[in-house]
Structures are given as structure tokens and as C-alpha cells.
Amino acid sequence: MTIPLLGLIVFTPAVGAAALMFVRNDDVVRWMALGVTVLDFVLCIAMLGGFDTSTHEMQFTETRPWVPALGITYTLGIDGISAPFVFLTALLGWISVLASWVAIDRKVKEFMVSLLAMQALMLGVFCALDLFLFYVFWEAMLIPMYLIIGVWGGDGRVYAAFKFFLYTLAGSLMFLIGIIMLYFHGGETFDIRTLMAQDLPFQVQSWLFFAFLIAFAVKVPMVPVHTWLPDAHVQAPTAGSIILAAVLLKMGAYGFLRFSLPMLPEATVHYSTLMLVLSAVAIVYGGLLALAQDDLKKLVAYSSISHMGLVTLGIFTLNLRGLEGGILQMFNHGVTTGALFLSVGLIYERTHTRSIADYGGLMKAAPVYTAFLALFTLSSMALPGTNSFVGELLVLSGAFAANLAVGAAAVLGALLGAAYLLRMYRKVALGPASIGVRFKIRDVNAREMAAILPLAVFVLWIGLYPKPFLEIIDASVKHLLAQVHGKGGAQ
């Protein structure tokens with residue numbers, strides 16, 4: 001009997017969330033949530049242990065009939081494009097629980113239920129091979145994230161949650177229109193693998209491309225549909241910001257990889273220059289906005305817009321180096337930005353201020369904390385030896401091969417990144433130790449170390465030895481490029 005490994009990975013957090021509903025003690029709730037997320041992470045390690053990097057085919061597939069009359073099935077599977085993000089989601093699941101251990105002190109059970117439900121739905125998005133099932137997971141994610149922001153967020157949480165909900169709901173409606181259109185033009189099937197093999201007319205591809213573009217651009221987010229993100233990050237609790245930046249934003253880029261490129265290859269090639277320009281705008285615009293911020297969370301939020309612009313830039317270069325770099329940078333952004341939001345959350349718990357102007361001299365008060373902050377800052381700057389350097393180098397290489405102007409814009413974005421990140425670190429960590437004395441800041445404790453250390457390990461591991469990570473995605477990326485250029489024409 002074959003063990004349904006992906007089903008276990010997807011639904012273990014959901015079962016855990018249901019079990020938590022019957023627990024009253026907050027400490028027991030926290031430990032159970034941690035146990036469930038650690039178990040899910042172990043299952044993901046087992047998945048990667050059995051993953052065949054030599055093939056682009058879907059692996060660990062599970063299929064059950066669901067709504068036969070409409071051709072809807074419960075079908076799960078992963079390839080080299082989705083596997084890293086299943087792992088990333090599970091990794092950040094238990095880290096988010098640890099980050100919430102003290103920060104969430106009211107309605108703890110309800111928060112952990114929302115967090116586990118969110119994890120299950122995100123895993124479902126990365127594993128679904130049926131378009132209808134994918135949409136169910138995609139749409140249902142709105143609910144727990146809305147609650148995480150709206151119930152446990154800051155003073156402006158209601159506005160931020162409502163804005164997040166409206167933007168993403170509008171994108172989801174466009175996605176639904178595209179799905180219905182694809183269903184009728186693609187042979188009345190929801191099977192993603194079958195839809196990838198269809199040869200749709202260019203006009204149909206164009207309509208679908210822009211419907212999907214709106215849906216995925218909101219999630220990335222791309223300029224100009226990005227304005228919900230800073231509000232959501234500033235108001236969300238630390239765990240919400242980690243999940244939002246590290247995983248949820250990847251859904252948009254993943255949508256391009258799973259739907260736009262393989263299903264709409266002619267439209268993708270035709271509109272690739274437009275996408276490169278939009279990506280370049282996001283890189284520079286996000287960097288400029290980050291440079292102007294005094295709020296630590298807003299700075300990291302706007303840097304996410306810039307860094308995700310680099311991801312979409314790599315994807316739409318439509319060459320091997322750019323595409324592999326874009327996917328690797330998706331993973332890197334999840335690790336590094338998740339770590340930065342965790343770092344901001346840890347210091348906010350001690351000082352209750354996010355204003356950069358309020359800080360100074362943390363290196364003397366909390367040397368271990370500032371060492372981690374330095375590592376994650378350098379990673380976000382893509383310093384050689386850190387994870388982001390490898391991904392950014394590949395993206396820039398692919399970008400200059402595709403379009404010299406957007407490659408230059410990406411370099412400008414990197415320079416802006418160095419400016420706002422070094423400014424932030426200098427003001428927070430260096431100088432007089434005024435805030436450290438005033439708040440008597442303690443350094444990281446064992447629980448915080450358990451949350452932050454794994455992210456530091458991945459920053460250095462990928463930076464110094466990226467080969468295992470690139471091997472996972474290589475076969476699937478080459479197959480994806482063959483799909484694009486085989487049906488969309490060479491570029």
C-alpha cells in the first residue's frame with residue numbers, strides 16, 4: 001500500500017487545527033500546534049528524501065474522483081518547481097508558532113487554529129494538480145489570513161484586513177473568470193497536466209494571460225496593485241508577517257510558473273517585455289519607497305515589493321539562468337524576509353516601537369541578536385556567501401541576456417537595497433546604546449534561538465553550496481522552458 005505522503009503533508013495541519021478546537025489550556029494549545037507543525041516538517045523532509053531530481057514529471061501523485069460530472073478530481077502532486085515551496089511552508093510553520101509563543105496572549109487557541117488552517121491551505125495550493133481544487137485552496141486562504149490580521153493585528157488592523165481582503169478577492173474573481181474560460185476552451189477538464197498540453201488560439205491565450213496577470217499580480221504584489229501589502233505587514237502580528245511575506249507572496253509568482261508559462265506560451269512570449277518592464281518598475285519603485293521609511297516593518301514590506309520584482313523579472317526572461325534564478329530567489333526571499341520580519345518582531349516585543357529613529361546601539365545590548373540581524377541584512381543585500389547572492393546573480397545574468405535596460409534597472413534596485421538596508425542596520429545596531437539601556441533589552445533566549453537559527457543556516461547553506469537546491473528545480477525548469485519555447489516560439 002502506497003502512503004499518501006502529500007495528503008498527509010497537506011491535511012496534518014488541518015487535522016491539528018480541528019483537534020485544537022477541543023483544548024482549553026493555552027499552553028497545551030501552543031505545544032500541540034508546535035508538535036503538529038514539526039510533524040508536518042518531518043513529513044516534508046521525508047518527501048524531499050524520496051524526490052527524484054532527474055525527472056520533470058509530477059511525483060507522489062494522488063488522485064481520487066470528486067465531482068465526476070464536471071471532470072473535477074482530488075489530485076495532488078509535486079515537481080521541482082513546487083517541492084521547494086512545500087518545504088518552505090512547512091519550515092516556516094513551526095517557526096511561526098515559536099514566534100507567536102509570547103506575542104499572542106489572547107485567544108491563543110483561535111490564533112493557532114487559524115495559523116494551522118492557513119498552513120494546510122498554502123500547502124494545498126502548491127500540491128494541487130486539479131484547477132478547481134487549486135482554486136478552492138487559493139480562495140480559502142483569504143479567511144485565516146484575514147482573521148490573523150483583523151483579530152490579532154495592531155490598531156489599524158480592521159482597515160488593513162479589509163483592504164487585504166478586497167484586493168485579493170478582486171484578483172480571485174479575475175482568476176475564477178480565467179478558470180471558467182480555460183475550462184471551456186481547454187476540453188472541459190480541470191486537470192492541470194492536461195491543460196498544459198492544450199494548444200489554445202493566441203486570442204484566447206491573451207485574454208487568459210491578462211485575467212491571470214491581475215490575479216497573480218495582486219498576490220506578488222506587483223506595482224500598481226501593491227498598496228495593500230505595507231498596511232497588512234504593519235498591522236499583522238509577527239507570525240502573520242512571516243507567513244505573508246515568506247509564503248503568501250510566492251503564490252502569485254507560482255501562479256505564473258504553473259499556469260501562465262506552460263498553458264499560455266504564445267501570450268507569455270508576446271507579453272514578456274511588458275512583464276519585464278513591470279518587474280523593473282517594481283524593483284526600483286519598491287527600493288525607493290523602502291529608502292524613505294522609518295518604520296522597520298514598512299521598510300521590509302517595501303523591500304519585498306522590490307525583491308519580488310526581481311523574482312518576476314527572472315521568470316519572464318524566459319531563459320534558463322533567469323528562470324532558475326527567479327525560482328531560487330523566491331525561496332531565498334521566503335527565508336531572508338521571513339527572518340527579517342522575525343527579527344523585527346523579536347525586538348518589538350522588547351521595546352514596543354518599530355521606529356528606526358528610536359534605536360541605536362543594540363550591538364552592545366544584544367550582540368547575538370544584532371549578529372543575526374547583520375547576517376539577514378547582508379543576505380537581503382545579496383552579499384556573496386549568502387543565499388540571495390546566488391539567486392540574484394542568476395537573475396541578473398538572465399535579465400541582461402533578455403533586455404539590457406531591465407538588467408540595468410535590476411542593478412539599480414540592488415544599489416538601492418544596499419542603501420536602505422545599511423542605513424537601517426547602522427541606525428539600529430550601531431551608535432550610542434541609548435535604547436538598550438532605556439529598555440534593558442535582553443538578548444535572544446532559547447526559544448527565539450530555535451526559531452531564528454534554522455533560517456540563518458539556510459542563508460549560509462544556499463549561499464555557500466547551492467547545488468542541491470538548483471538540482472531540485474533544474475529538470476522541471478528545463479521542461480517548462482521547452483513548453484514555452486516549443487509552443488510559444490523561440491526568443
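The values are calculated or read from the model by the stated rules, or taken from the named source; none is laboratory data. Note that this is a predicted model, so its numbers are computed, not measured. A quick note on method: Cβ atoms are made from the backbone with ideal geometry, for glycine too, and the neighbour counts reach across all protein chains shown.
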Within the range 293-302, identify whether any single residue is among the aliphatic types (A, V, I, L, M), more than 22 Å from Leu91 (Cα to Cα) and either outside any helix (DSSP H, G or I) or touching a residue at least 12 places away in the same chain (Cβ under 8 Å) (or both), and answer yes or no.
-> yes
Answer yes or no as to whether Gly417 is buried (at least 22 other Cβ atoms within 10 Å of the Cβ), farther than 20 Å from Ile462 by Cβ, touching a helix residue (DSSP H, G or I) at 6+ places or on another chain (Cβ under 9 Å) and not hydrophobic (A, V, I, L, M, F, W, C).
-> no
The lone exception for Ala402 - which of (1) modelled with pLDDT of 95 or more; (2) within 19 Å of Val477 (Cα to Cα); (3) surrounded by fewer than 24 Cβ atoms within 10 Å (Cβ to Cβ); (4) not aromatic (Phe, Trp, Tyr) it fails = (1)
Answer yes or no: is there a residue in the range 255-278 that is under 30 Å from Ile441 (Cα atoms), without any contact (Cβ under 8 Å) to a residue 40 or more places away in the chain and surrounded by fewer than 23 Cβ atoms within 10 Å (Cβ to Cβ).
-> no
Looking at the range 279-301, which of its residues are buried (at least 24 other Cβ atoms within 10 Å of the Cβ), closer than 23 Å to Ser397 by Cα and not β-branched (Val, Ile, Thr)?
-> Ser279, Ala280, Ala282, Gly286, Gly287
Identify the residue in the range 302-333 that is of a type outside the set (A, V, I, L, M, F, W, C) and over 19 Å from Gly287 (Cβ atoms) and, among all such residues, is surrounded by the fewest Cβ atoms within 10 Å (Cβ to Cβ).
-> Asn319
For the range 76-107, name all the residues that are touching a Ser or Thr at 6+ places or on another chain (Cβ under 6 Å) and either part of a loop (DSSP other than H, G, I, E, B) or within 28 Å of Met21 (Cα to Cα) (or both).
-> Asp79, Gly80, Ile81, Gly93, Trp94, Val97, Ala99, Ala103
In the range 387-419, the residues that are small (Gly, Ala, Ser), in contact (Cβ under 8 Å) with a residue 60 or more places away in the chain and under 10 Å from Gly287 (Cα atoms) | Gly413, Gly417, Ala419
When you scan the range 216-263 for helices (runs of 4 or more DSSP H) that lie fully inside it, which ones turn up with 1 or more residues that are more than 12 Å from Gly338 (Cβ to Cβ)?
-> 228-235, 249-255
Only listed residue being at pLDDT 95 or above and in contact with a Pro (Cβ under 8 Å, 6 or more places away or on another chain), chosen from Leu328, Leu342, Leu393, Leu378 = Leu328
Arg321 fails exactly one of (1) within 21 Å of Leu464 (Cβ to Cβ); (2) in a loop (DSSP other than H, G, I, E, B), namely (2)
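Each row is one residue, and each column tells you yes or no for (1) surrounded by fewer than 21 Cβ atoms within 10 Å (Cβ to Cβ); (2) modelled with pLDDT of 95 or more; (3) closer than 27 Å to Ala290 by Cβ.
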| site | (1), (2), (3) |
| --- | --- |
| Gly431 | yes, no, yes |
| Arg442 | yes, no, no |
| Ile452 | no, yes, yes |
| Ile462 | no, yes, yes |
| Tyr465 | yes, yes, no |
| Asp474 | yes, yes, no |
| Lys478 | yes, yes, no |
| His485 | yes, no, no |
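Condition check ((1) of a type outside the set (Gly, Ala, Ser); (2) within 30 Å of Glu188 (Cα to Cα); (3) crowded, with 20+ Cβ neighbours inside 10 Å) across all residues:
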{"site": "Ile3", "(1), (2), (3)": "yes, no, no"}
{"site": "Ile9", "(1), (2), (3)": "yes, yes, yes"}
{"site": "Phe22", "(1), (2), (3)": "yes, no, no"}
{"site": "Thr37", "(1), (2), (3)": "yes, no, yes"}
{"site": "Pro65", "(1), (2), (3)": "yes, yes, no"}
{"site": "Ala83", "(1), (2), (3)": "no, yes, yes"}
{"site": "Leu91", "(1), (2), (3)": "yes, no, yes"}
{"site": "Trp94", "(1), (2), (3)": "yes, no, yes"}
{"site": "Leu98", "(1), (2), (3)": "yes, no, yes"}
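Yes/no per residue for (1) under 12 Å from the mean Cα position of the chain (by Cα); (2) at pLDDT 95 or above:
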residue: Met222; (1), (2): no, no
residue: Gln235; (1), (2): no, no
residue: Thr238; (1), (2): no, no
residue: Ala246; (1), (2): yes, no
residue: Leu257; (1), (2): no, yes
residue: Thr268; (1), (2): no, yes
residue: Gln293; (1), (2): no, no
residue: Met308; (1), (2): yes, yes
Scanning the range 176-197 for residues that are within 26 Å of the chain's Cα centre (by Cα) and outside any helix (DSSP H, G or I), which turns out surrounded by the most Cβ atoms within 10 Å (Cβ to Cβ)?
-> Phe190
Of the residues in the range 25-49 that are among the small types (Gly, Ala, Ser) and free of Cβ contacts under 8 Å to residues at least 40 places away in the same chain, the one that is farthest from Phe111 (Cα to Cα) is Gly49
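Scanning for something out of contact with any helix residue (DSSP H, G or I) (no Cβ under 7 Å at 6 or more places or on another chain), surrounded by fewer than 24 Cβ atoms within 10 Å (Cβ to Cβ), part of a helix (DSSP H, G or I) and aliphatic (A, V, I, L, M), does the range 111-122 turn up at least one residue?
First pass over the range 111-122, keeping only residues out of contact with any helix residue (DSSP H, G or I) (no Cβ under 7 Å at 6 or more places or on another chain): none.
No: the range 111-122 contains no residue that is out of contact with any helix residue (DSSP H, G or I) (no Cβ under 7 Å at 6 or more places or on another chain), surrounded by fewer than 24 Cβ atoms within 10 Å (Cβ to Cβ), part of a helix (DSSP H, G or I) and aliphatic (A, V, I, L, M).
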